[in-house]
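Here the structure comes first, spelled out in structure tokens, and everything after it is commentary.
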There are 4 protein chains.
Amino acid sequence: MRAAVLGATGYTGLVLLRLLAEHPQVDDIIPVSSSQPGEAVDSVDPGLSPAIAAKLRSTGGKFVAVEEAGRIATGSGIDVVFSALPHVKSAEVCAPFLGKSVVVDLSADFRFADPAVFETVYGHAHPRPELLKQAVYGLAEWHTERIRKMDIIANTGCYPTATLLPLLPLARAGLVDGLVVANAISGVSGAGKKERLDLLYCERTENAGAYNPGRSHRHAPEIEGELKAARPSLSLLFTPHLAPLKRGMCVTTVVRLAKDPPAEGSGSIGEVLRAAYGGRPFIRLTGSRVPQTRDVWGSNRCDIGWQREGDHLMLFSAIDNLVKGASGQAVQNMNLRFGLDEAAGLPRHGQV
Amino acid sequence: MRAAVLGATGYTGLVLLRLLAEHPQVDDIIPVSSSQPGEAVDSVDPGLSPAIAAKLRSTGGKFVAVEEAGRIATGSGIDVVFSALPHVKSAEVCAPFLGKSVVVDLSADFRFADPAVFETVYGHAHPRPELLKQAVYGLAEWHTERIRKMDIIANTGCYPTATLLPLLPLARAGLVDGLVVANAISGVSGAGKKERLDLLYCERTENAGAYNPGRSHRHAPEIEGELKAARPSLSLLFTPHLAPLKRGMCVTTVVRLAKDPPAEGSGSIGEVLRAAYGGRPFIRLTGSRVPQTRDVWGSNRCDIGWQREGDHLMLFSAIDNLVKGASGQAVQNMNLRFGLDEAAGLPRHGQV
Amino acid sequence: MRAAVLGATGYTGLVLLRLLAEHPQVDDIIPVSSSQPGEAVDSVDPGLSPAIAAKLRSTGGKFVAVEEAGRIATGSGIDVVFSALPHVKSAEVCAPFLGKSVVVDLSADFRFADPAVFETVYGHAHPRPELLKQAVYGLAEWHTERIRKMDIIANTGCYPTATLLPLLPLARAGLVDGLVVANAISGVSGAGKKERLDLLYCERTENAGAYNPGRSHRHAPEIEGELKAARPSLSLLFTPHLAPLKRGMCVTTVVRLAKDPPAEGSGSIGEVLRAAYGGRPFIRLTGSRVPQTRDVWGSNRCDIGWQREGDHLMLFSAIDNLVKGASGQAVQNMNLRFGLDEAAGLPRHGQV
Amino acid sequence: MRAAVLGATGYTGLVLLRLLAEHPQVDDIIPVSSSQPGEAVDSVDPGLSPAIAAKLRSTGGKFVAVEEAGRIATGSGIDVVFSALPHVKSAEVCAPFLGKSVVVDLSADFRFADPAVFETVYGHAHPRPELLKQAVYGLAEWHTERIRKMDIIANTGCYPTATLLPLLPLARAGLVDGLVVANAISGVSGAGKKERLDLLYCERTENAGAYNPGRSHRHAPEIEGELKAARPSLSLLFTPHLAPLKRGMCVTTVVRLAKDPPAEGSGSIGEVLRAAYGGRPFIRLTGSRVPQTRDVWGSNRCDIGWQREGDHLMLFSAIDNLVKGASGQAVQNMNLRFGLDEAAGLPRHGQV
């Protein structure tokens, strides 16, 4: 398989290069960068081994401009295009590849079926509303069957992935009701590789706190939309926090247990979660043990724990925001879409 | 004034030594350590300047055993005894000083008026139940008048301080109702200076997550008790989290706004908070700006922000767990008790 | 006293504001910022307590442009102007204050007596060579007597301060010879508050290494110049390293012991250091115990240890790069210049 | 292949489990722990995916006592035993496996050919001096041919690996002379997973400094021994430093260039290094670019840079202390010993 990575010099792009470099079915990678075309990949990122050159043969080990990727797609073909570009720009740059390549888009551009919602949340008219019908929301364990068929996969981001995975099976089973209060702690890499004062080492170390709380956060409507699709009575109050982590995300969720759960969903919390995720390689159910972000650092796992407190339920989830919350899930979606082993090329263990 | 510090080699003890060393009214400090009596204070803790010796004249610059502190109390007298000892032990060691010295106890021993509650929460019969009637709960901004008079001040710890300060005025004014969902993020120093694997650098860096969630955390009953005293209809679901911070704590709280707030509390959230804390030197109301732990790092401040979300209220608070959450509030309580300027000797600015 | 701070929104400027806010002899501070004039100081930096306003009365609690500071200097007068501006710009902006105010310049502009050396090292002609004769190199413990008299104090930076303080007395005493190999580890705040990718949290955490090694580092000629002034036979190989610290600097130095030390310097290493620094409040000699950066975090101290290894000597020093390596030493120099207690308003203890 | 890991619950043991779990030629792992036999591996270390159980079939997914590993070795056989036990204990526990299994020992027990040196350095008589003749010093790129043949591989530790790899080819070529001044910065995991106060998060964050400087560090004689074997005129002054890193090590080395390099070694520094390491998968020569620890985080690489300064040479090297400095090199040595691809199962890229 041949894969292109657009926006390859950001954190998610650089993680994608590593994952694809070790992927058993990918043998050619086209690294695209508008800012550094012509530069050798392993000199821009000295973390990459020069050995990656063996999989960069189409570009001679260098970043190329998107036009060059377009020529390759038209010529010998590109199977899958990963886009780690900013929203609005991503849809526009990806559009010409459709019909030739499957697009896995890590931006927000294809996450809402309704372009009006996109415009409300992102303050910009959707750049390519006609493409939305080709897209599936790329939460790999949840929309699995549609992901296998669609040509645009709107890869789910870190906050929605970590928040939705524990909730959705319980919502669909009718076990929870009312207001979902979800508090997330994120590592700093979630904000990307940008020249911003508030992302400096000296601003983030020994510092933690909430930001954009409640409905003001961009991901709240996206998460609430998926929740309501599974159970319309649910609503959401979501608050993200930054802490001095490079990578890692955990979410603590409080929700009321339904008073009259429907017969079909009458299993226990654990049974419902096991029924939803049994056999899936990247979900680990930890029961009453609360998962920690280090457990999943560097892996594509989402670990999920839970605890009843009277008539409320507490849910705990942990992911690596750059892997299961971005680049790892993107490769997982590629695996599903191309009929490969879902876990191919993806790390299962958290780093010590 | 002469002050003794029991348990002076732990983190709260070492912060107390620094604060007292710079306090304008304290001119003699008795540092007590059962593990290192006879050791020079500035060699055990090389962070201390040798200049502290000028205020350690009674002990020749050295840690002493508690018996020596007892002799000094009986002889020339000790005005105030700070205890940073573990619970159960603290009450026992402090008891003989009563009648001679004011006791500011940083342990949990005098925080519950009812010894049965102590026994339930800490799994140990209260060591000195007869002393409880002499004690006041040491939340400096809340029980100020009683703190000025009592001889045992049960210094409020970090989680209750950061959680209660934003909530109590609103609870008393009848503005909030029902279940309080409070999520706290704490720095690692809150767990003390102990030889525990889970507190190692390599276990805590790049790691975050909840622990002892819900009612299983020791401080939940203490916080809920104070909340119910202000407004009986409130209940609490409290979840602490650890993050890779040495010092710092922030709390994000969600609570429902009361449907029919009483006329007397009919002010806005901001008005009620300003009425409660106006003129107090260590409360900073930040309005819709969310306080971050670095803002208060090293200071005795509690910064408080808030935001309405439909019929719910979000509250945000940040403290330094070792200062306002422990040693700084202890000195503030001493200041109140001895009629000094409440802010004497206490840092107001967070460190860059 | 009235003090102005130019470049008050960078890290050294913000530390200066804190130190001056607590200084017993300074009762008015003029905070100058070209980027944020008119902004309230405690809203730009939420770490500052609103209480600082009491010392910002001339500017109504706000940052002002430098022109306003100039008017105040001409009118009611400014005793001391601290400049935390970049090199070249600093000399130009400070020049008009001379004759009215003492200037403590934290940039490199007045550190070399010879403008040609400045031009070689900084690649820019010296902007005000005629002022150099009014300047003294502001290493507080070394040029103390001249600092008391001069009107421009070229405040010594972090690398030279930490490297020179252990070496200079031994060099002057003739105890060491030949090539000095000095390796420094610096906290990230030493690079300032700049929108640079290489200073992002995610780039610096879990990352350490040397940069600009050997003679390519700007501070090497400055350090070597002072060493040669004390003992011409010395030369220097200096290598700075970055590590994931916000604040802190340590230097490990290896140098050969002189074969024939002159009679006047025939004391032991410890005796020579004690003779040089005895009674100075911010030098702590630790003997064979190696100082660590945390020992001095937040303090104005430089801790110095040493160890003989055959015919070589190892020296170890630690400072807080923002305090003794920048703003603290600047206030110390102000204290010396104005005949105050050298230690007035300066922190002596490292933070826990 | 079947591999046993002794001391599997420490940091190096847990990294070994991860590496072996992904190794293409290892299909059975025996995890040995004297402290937690009978415990499920993935519950003791929640970072491990439950999927590791497929390679833990001999022990049912659990840690076993060493006696059980001995029974398996005697019965169906164990190809390779990795020992992450403490020194002295390691040799004793490994001895019974010899003759049945190849031993890769990560302790110091087999690193000195002369037991008297071991006794001097470690203060304990060598527990099994008769075995030393079967051992090879396990610096994979240096003693490659002997590693292919010997039954005890004394895996080289982090400080010697990072210090020796840049120096040895230059020493052998006669290009450097005299005193080698090597300064290393290490991550905290190098000290192991031990209940020690000085390894607590709060003791190590925002803290850096040297420890055991000069000849007092245990690894100095080991490094100097290898240097002198390559060029007898060399001597060493080695100083390790701790910095707030979990993983990572860099070494900055200063040494004098030989005045009369022999004709056979007359190539440039770069030529000699390329001749020594060309084709080796885990050495990256970076020329004048100084490698940083993050470049190699999580990988088995050693990156090496260099710079001339007059008649001196500066060398810069970076490794991950837990991988190339411990467990990764151990697997590399296993690969060499069993005729596998040297790079099999080993990570080449540093983590983002």
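The values are calculated or read from the model by the stated rules, or taken from the named source; none is laboratory data. Quantities reported herein were computed from a predicted structural model and do not represent experimental measurements. Here Cβ is always computed from backbone atoms with ideal geometry, including for glycine, and neighbour counts include all displayed protein chains. Accessible surface areas use protein heavy atoms only, side chains included; no ligands, DNA or RNA. Shrake-Rupley method; radii C 1.70, N 1.55, O 1.52, S 1.80 Å.
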I'm trying to understand the selection: among the residues of the range C:94-124, which are aliphatic (A, V, I, L, M) and surrounded by 24 or more Cβ atoms within 10 Å (Cβ to Cβ)? C:Val103, C:Val104, C:Leu106
Checking the conditions here, which among A:Ala318, A:Ala330 is within 10 Å of another protein chain (Cβ to nearest Cβ) and open to solvent by less than 10 Å² (accessible area, probe 1.4 Å)? A:Ala318
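Conditions tested, residue by residue: (1) touching a helix residue (DSSP H, G or I) at 6+ places or on another chain (Cβ under 8 Å); (2) more than 12 Å from chain D (Cβ to nearest Cβ).
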{"position": "A:Ala3", "(1), (2)": "yes, yes"}
{"position": "A:Val32", "(1), (2)": "yes, yes"}
{"position": "A:Asp42", "(1), (2)": "yes, no"}
{"position": "A:Gly75", "(1), (2)": "no, yes"}
Selection within the range C:289-298 - open to solvent by less than 20 Å² (accessible area, probe 1.4 Å), facing another protein chain (nearest Cβ under 7 Å) and over 20 Å from D:His217 (Cβ atoms): C:Asp295, C:Trp297, C:Gly298
If you take the residues of the range A:333-344 that are in contact with a strand residue (DSSP E or B) (Cβ under 6 Å, 6 or more places away or on another chain) and not aliphatic (A, V, I, L, M), which of them is least open to solvent (accessible area, probe 1.4 Å)? A:Asn333
Among B:Ser43, B:Ser58, B:Ser35, the single one that is under 25 Å from the mean Cα position of the chain (by Cα), open to solvent by 30 Å² or more (accessible area, probe 1.4 Å) and hydroxyl-bearing (Ser, Thr, Tyr) is B:Ser35
Condition check for D:Ala229: outside any helix (DSSP H, G or I) and over 25 Å from D:Pro86 (Cα atoms): no
Can you tell me which condition A:Pro347 does not meet? The list is (1) within 12 Å of chain D (Cβ to nearest Cβ); (2) open to solvent by 10 Å² or more (accessible area, probe 1.4 Å); (3) closer than 30 Å to B:Val181 by Cβ, and all the others hold. (3)
Given (1) open to solvent by 20 Å² or more (accessible area, probe 1.4 Å); (2) at pLDDT below 95, A:Arg196 misses just (2)
Pairs, please: C-beta under 8 Å, at least 6 apart or cross-chain, first residue more than 11 Å from every other protein chain (Cβ to nearest Cβ) and in the range B:173-195, second in a helix (DSSP H, G or I) and of a type in the set (Val, Ile, Thr)? B:Ala173/B:Val272; B:Leu175/B:Ile269; B:Leu175/B:Val272
Restricting attention to the range B:202-226, which residues are in a loop (DSSP other than H, G, I, E, B) and farther than 22 Å from B:Ala140 by Cα? B:Thr205, B:Glu206, B:Asn207, B:Ala208, B:Tyr211, B:Asn212, B:Pro213, B:His217
Using the structure shown, decide if B:Gly279 is surrounded by fewer than 19 Cβ atoms within 10 Å (Cβ to Cβ), touching a helix residue (DSSP H, G or I) at 6+ places or on another chain (Cβ under 8 Å) and small (Gly, Ala, Ser). no
Selection from the range D:19-30 of residues that are away from every other protein chain (no Cβ under 12 Å) and either closer than 15 Å to D:Ala326 by Cβ or open to solvent by less than 10 Å² (accessible area, probe 1.4 Å) (or both): D:His23, D:Val26, D:Asp28, D:Ile29, D:Ile30
Which residue is farthest from the other protein chains (Cβ to nearest Cβ), if the candidates are limited to the range A:225-245 and must be in contact (Cβ under 8 Å) with a residue 40 or more places away in the chain and open to solvent by 10 Å² or more (accessible area, probe 1.4 Å)? A:Ala230
Residue count for the range B:1-18, restricted to those that are open to solvent by 10 Å² or more (accessible area, probe 1.4 Å) and touching a strand residue (DSSP E or B) at 6+ places or on another chain (Cβ under 8 Å): 3
Does the range C:25-39 contain at least one residue that is at pLDDT 95 or above and closer than 17 Å to B:Ser299 by Cβ? no
I need the full set of residues from the range D:264-288 which are more than 10 Å from chain C (Cβ to nearest Cβ), over 19 Å from the mean Cα position of the chain (by Cα) and closer than 30 Å to C:Cys202 by Cβ, in order please. D:Leu285, D:Thr286, D:Gly287
Residues located in the range A:272-319, provided they are aliphatic (A, V, I, L, M) and either closer than 12 Å to D:Pro46 by Cα or touching a strand residue (DSSP E or B) at 6+ places or on another chain (Cβ under 9 Å) (or both): A:Leu273, A:Ala276, A:Ile283, A:Leu285, A:Val290, A:Val296, A:Ile304, A:Leu313, A:Met314, A:Leu315, A:Ala318, A:Ile319
So, in the range C:199-224, exactly how many residues are in contact (Cβ under 8 Å) with a residue 60 or more places away in the chain and open to solvent by less than 60 Å² (accessible area, probe 1.4 Å)? 4
Of the residues that make up the range D:160-167, is at least one within 30 Å of D:Lys100 (Cα to Cα) and open to solvent by less than 10 Å² (accessible area, probe 1.4 Å)? yes
